[in-house]
Structures are given as C-alpha cells and as structure tokens.
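Here is the structure we will look at.
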Amino acid sequence: MSRLLAFTLSAAVAVTAAAPARAELAEWLAGELSVSTGFDFRTGDYTDEVRSHLWYVPFPVSYTFDDFGLTSYPSDLIELRITVPLLHVRGPGSILTERGFVATPPGSGRDSRGGLGDIVVRGSYVLFPPPESGLPAFELTGRAKIPTASKREALGTGEPAYTLQLDLFDRYGPVTPLVSVGYRFVVPSEGFDLNNSWFTSVGAGFRVADPLVIGMLYDFWQATSATGADAHELFPYASWRIAPKLLVGPYAVICLSPGSPDWGVGLQLTYRIPIRCNIAGC
C-alpha cells in the first residue's frame, strides 16, 4: 500500500489530464511503456516488541494501451503491469508483499535476510465517462501474487494471493479526490495464520503546478491474521514530473494503529516511453 494506492491516484491525475488529448490511432498496440524503480522502507515492533526493518525495492514494468479498451467508447484504457521486487529484512517480522510486516512463526531474534520477493502481476481497466454524465472515472484492478519469495527465509508465505480493487476518482479543477475499496484472497499456508481481508482508502491529490501533484491518503486494512490488528495509516505523497518523460514520487507512512508500522518512507522513479509515433509512423 498501501503504497500502490498513492501511485494509482498520481496516475489517475495524470491520465485524467491527458485523456482529452489522446491521439486517434487505429493501431491497437499504440500506448505507453513505463519502467520504474525506487525503494520503500518501513520499521515497527511486530514480535515480542522487537523492532523489525524492511527494505522493499520494486522493479515494475507496465504498458498502457491507448485504444485497446473493452468498449467502443474512446475514453477507456487497459494497463498491464508486472513487478519484480527485492527484499531485505532485519528482525523477526515476516513479509506480505502488499501489506508490509506480519508477525509469524518463521525466524526469531534479530536476524537479517533478503532476496527476491513475491512477483506481482496486475491488470487494470480505466473508464472515463462523458463529462455531461456527471459520473466519476473508475479503475478496476486485479492482482495476483506469484509466490517467488523464500518461505524458509520468512520473506513470503510460499502461496499465491489474489486481490480485486475498485478506484473511483474525478477532477474538480486542481483537486482529484479518490475512493478505493478492495478485497484480498489468500491461500492457506503452514506457519502463517492468515485471513482474507478488506481494505479501503480515501484521499485527494492537488495539482500545485503543471509538473507537481501533492496529496494525502488515509488507508485502512482489516487484520490479516487472528492475532493481528486492523491497520490505519496516513500516506502523504507527491508526484513531480522533473522531465517530460520522468516522474519522481516521494512519500511517507504515518502509523495510526498498532497494526501498522511505526513509520515509513519511500521513493518511486518512473520513466515513460511513448510507443505511439513509432507505430503510427508520425
């Protein structure tokens, strides 16, 4: 998170602004390739009041199709994404890729371990209704966690997980409010007492200037285990286009409940590569 919701909102602001100016290309492959990296650091007391630290370094690659929508309406988009992360953990906390720490039996004491995290594949469908309809835009997302992280090292559960998420957003001048709700399905795994869980987020982004958006989200996650607690977090963030194709997104995590990390910080760099002219011959 979630860290993903903040960047969903940033993308929503950018796409909403860009949607009216999309090129009318017939080639269904036309679109935009995005490659990203960055880091997410979180720290908190999760097992016997022993502090754990998590470094999460994702490498997402995504492609947004301009004219490969599910309807004949011109303002819908499809995005496909795969994220390959690296993890480093110090302390007894164990990891769920989308949720941060979960206190679980594997590992004890202040150990240090790292390696490949769980790969996540994601597909999103975004629809912008006609302005005269008065309806918000929506994004429907499905995610699947591929269990590539080591269960022996307590970097993952060793089992897949699946998430469905719906985001609603709209622009009102420089402000873009967002409401999100989702549900995560987990596959039972020995040694991990995990439950399916609801999550939601509400907040807004504010376009300070053409290259800069700042925002704040409130995130809620239902407890992911019988012994855990619900998580409440604030998520201030920014999205700054420092070059025509390069965005930088710093953010922070502020704990509001025992089920959250004490605090966290992160940064995401995204480079966008238009594919439109190469295909259209323009």
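Bear in mind that the values in this text are calculations on the coordinates, not laboratory data. Please read these numbers as outputs of a predicted model, since none were measured by experiment. Methodologically, a virtual Cβ is constructed for each residue, glycine included, from the backbone with ideal geometry; neighbour enumeration extends over all protein chains shown.
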Label-point separation (nm) for Leu166 and Leu80, each offset 7 Å from Cα along Cα-to-Cβ?
-> 2.6 nm
Quick one: which residues, 5 or more positions from Gly259 or on another chain, have an amide H under 5 Å from its amide H? H modelled 1.01 Å from N in the peptide plane, none for Pro or chain starts.
-> His232
Got a sec to turn the phi values of the range 138-143 into Karplus ³J(HN,Hα) couplings, 6.51 cos²θ - 1.76 cosθ + 1.60 with θ = phi - 60°, whole Hz, x for Gly and Pro?
-> 9, 10, 9, 10, x, 10
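Sort Phe65, Phe39 so the one with the fewest other Cβ atoms within 10 Å of its own Cβ comes first.
Numbers: Phe65 17, Phe39 14.
Least to most surrounded, the residues fall as Phe39, Phe65.
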With r as the distance between the Cβ atoms of Ala243 and Asn196 and R0 = 35 Å, compute the FRET efficiency 1/(1 + (r/R0)^6) and round to 0.05.
-> 0.25
By how many nm would the segment from Tyr271 to Ser257 grow when fully extended, if each residue of separation counts as 0.36 nm and the alpha-carbon distance is taken off?
-> 1.6 nm
What Rg and what Dmax come out for the range 172-282 when only alpha-carbon atoms are used, in angstroms?
-> 18.4, 59
Hey, can you grab everything whose amide H is under 5 Å from the amide H of Gly117? Only 5+ residues off in sequence or another chain; H modelled, so Pro and N-termini drop out.
-> Leu86, Leu87
Out of residues 5 or more away from Ala223 or on other chains, whose amide H comes under 5 Å of its own, with H placed 1.01 Å from N in the peptide plane?
-> Asp230, Ala231
Go through 242-248, 180-186 and give me the packing order, highest mean Cβ count within 10 Å leading.
-> 180-186, 242-248
For a label point 7 angstrom out from the Cα of Leu116 toward its Cβ, which stretches of the range 136-150 have the backbone nitrogen within less than 12 Å?
-> 146-150
